[in-house]
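For reference, the structure discussed in these notes is given below.
The values are calculated or read from the model by the stated rules, or taken from the named source; none is laboratory data. Everything numeric here is computed off the predicted structure, so don't read it as measured data. Please note: Cβ atoms are built from the backbone with ideal geometry, for glycine as well, and neighbour counts cover all protein chains shown. Accessible surface areas use protein heavy atoms only, side chains included; no ligands, DNA or RNA. Shrake-Rupley method; radii C 1.70, N 1.55, O 1.52, S 1.80 Å.
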Amino acid sequence: MTASLTSEEQVRNMSERVPLPEVLPGMGAHPLPEDWEAVSAFILVKCRDEEGEIAWSFRTTEEIDPYELLGALTVQADLVRKRMLANWDVDDDESSDESA
């Protein structure tokens, strides 16, 4: 088992930047449209900690304006909520068909 990071190590890790393949080895992402240029990224990562437990972490490629980040996360949360509701409605319709 690895030792937990001290607060000093956590601060250093948050200020250090390394290439994304070093942070997410073996992982990939959907490509951006052909003429788009990546400017910054907020990455939400589902991880397994040193004890084998699932944990969530985030990483950024640079400091992101908090208003922009909140807006983008709000839009994504709304889209996920809509997909979940749409799936729920489909599941509900299928179960009512079975009872007929």
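Hey, does the range 34-42 have a residue that's open to solvent by 100 Å² or more (accessible area, probe 1.4 Å), at pLDDT 90 or above and hydroxyl-bearing (Ser, Thr, Tyr)?
So far as the range 34-42 goes, no, none of its residues is open to solvent by 100 Å² or more (accessible area, probe 1.4 Å), at pLDDT 90 or above and hydroxyl-bearing (Ser, Thr, Tyr).
Considering only the range 59-82, how many residues are assigned to a loop (DSSP other than H, G, I, E, B) and either touching a Ser or Thr at 6+ places or on another chain (Cβ under 8 Å) or not acidic (Asp, Glu) (or both)?
Summing the residues that are assigned to a loop (DSSP other than H, G, I, E, B) and either touching a Ser or Thr at 6+ places or on another chain (Cβ under 8 Å) or not acidic (Asp, Glu) (or both) in the range 59-82 gives 3.
Could you grab me the full set of residues in the range 51-93 that are open to solvent by 90 Å² or more (accessible area, probe 1.4 Å) and touching a residue at least 24 places away in the same chain (Cβ under 8 Å)?
Glu51, Arg59
Please list, ordered by first then second residue, the pairs with beta carbon atoms under 6 Å, 6 or more apart or interchain, first in the range 34-45 and within 20 Å of Leu73 (Cα to Cα), second in a strand (DSSP E or B).
If the second residue must be in a strand (DSSP E or B), the pairs left are Phe42/Thr60; Ile43/Arg59; Leu44/Phe58; Val45/Ser57.
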